[in-house]
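Here's the structure, in structure tokens; my notes come after.
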Amino acid sequence: MNNRSRFIPPLAAGLLLGAALALRLFWPGWEEGPSEKDSPGVTELPAVSTLVPPVSPVPAPTKPEPVTARPRMEVAEGPQGRGTVVPLGPGDEVPEPEVANPLPQQNDPIEPEKPQTAAWRQGKLERITELLGRDLERLEQEQKEAESRGDEEEARRLKVQLTRHRERLGRLREETAALAKTAQQEEQSASAQAH
């Protein structure tokens with residue numbers, strides 16, 4: 001896109017806006033309402049005052065509310081520069097001054113990372129296997145409910161999910177068994193080194 005084509009749309013919009021303003025300002029009769037010459041047969045209707053009861057004006061409040069004077073603010077020079085001092089009113093509380101260096105917050109001590117041994121990994125896999133087993137039972141129950149209410153599409157979806165979960169559960173059990181052997185060997189070698 002060249003530079004000339006970038007200026008054409010804004011220029012066209014500006015020209016259209018200028019033309020609309022010129023027509024609005026210089027077109028005769030736009031600002032004027034319809035003249036009486038244009039509508040010869042129009043007569044005014046008499047006001048119907050008998051249908052509307054007279055409305056009494058709302059009485060002004062007799063006792064004006066007291067106006068409280070705003071507290072006078074003063075500008076004060078302090079060690080940190082100029083500031084506005086506002087006098088305390090009833091119910092105001094004085095904030096506590098900020099402490100320059102507050103005491104550091106005591107955090108809980110960070111526990112050292114446990115070694116990721118085969119026994120540790122085996123424990124994690126056993127926990128994942130347990131959770132996946134619960135999920136498998138839940139999915140089986142949902143599939144039975146879907147079949148009983150006749151929802152074939154949901155039952156099919158749950159069946160696919162169940163097969164995937166069963167495959168994953170089988171692999172996890174194999175990995176857990178292999179890690180159990182490795183953990184047993186690590187435990188034996190650690191006890192042999194301790195003696």
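Three principal axis extents of the range 82-170 based on alpha-carbon atoms, in descending order, are 76, 45, 22 Å. Atom-type composition of the exposed protein surface of the range 79-123 places 53 percent of the accessible area on carbon and sulfur (1.4 angstrom probe).
Restricting the trypsin sites (Lys or Arg not before Pro) of the range 103-167 to loop positions (DSSP other than H, G, I, E, B) with no more than 13 neighbouring Cβ atoms within 10 Å leaves Arg149. Counting only protein heavy atoms and using a 1.4 Å probe, the accessible area of Trp120 comes to about 90 Å². Annotation note: GluC sites (Glu not before Pro) in the range 96-140 located in DSSP loop regions with a Cβ neighbour count of at most 11 within 10 Å are Glu98, Glu113. Remark: the range 5-20, residue by residue, has Karplus-estimated 3J(HN,Hα) of 6, 6, 8, 5, x, x, 5, 4, 5, x, 5, 5, 5, x, 5, 5 Hz, where x stands for each Gly or Pro and the curve is 6.51 cos²θ - 1.76 cosθ + 1.60 at θ = phi - 60°.
The values are calculated or read from the model by the stated rules, or taken from the named source; none is laboratory data. Here the structure is a predicted model, which means the values were calculated and not measured. Cβ coordinates were reconstructed from backbone atoms using ideal geometry, including for glycine residues, and neighbour counts include every protein chain displayed. Heavy atoms of the whole protein, side chains included, go into the accessibility calculation; ligands, DNA and RNA do not. Shrake-Rupley method; radii C 1.70, N 1.55, O 1.52, S 1.80 Å.
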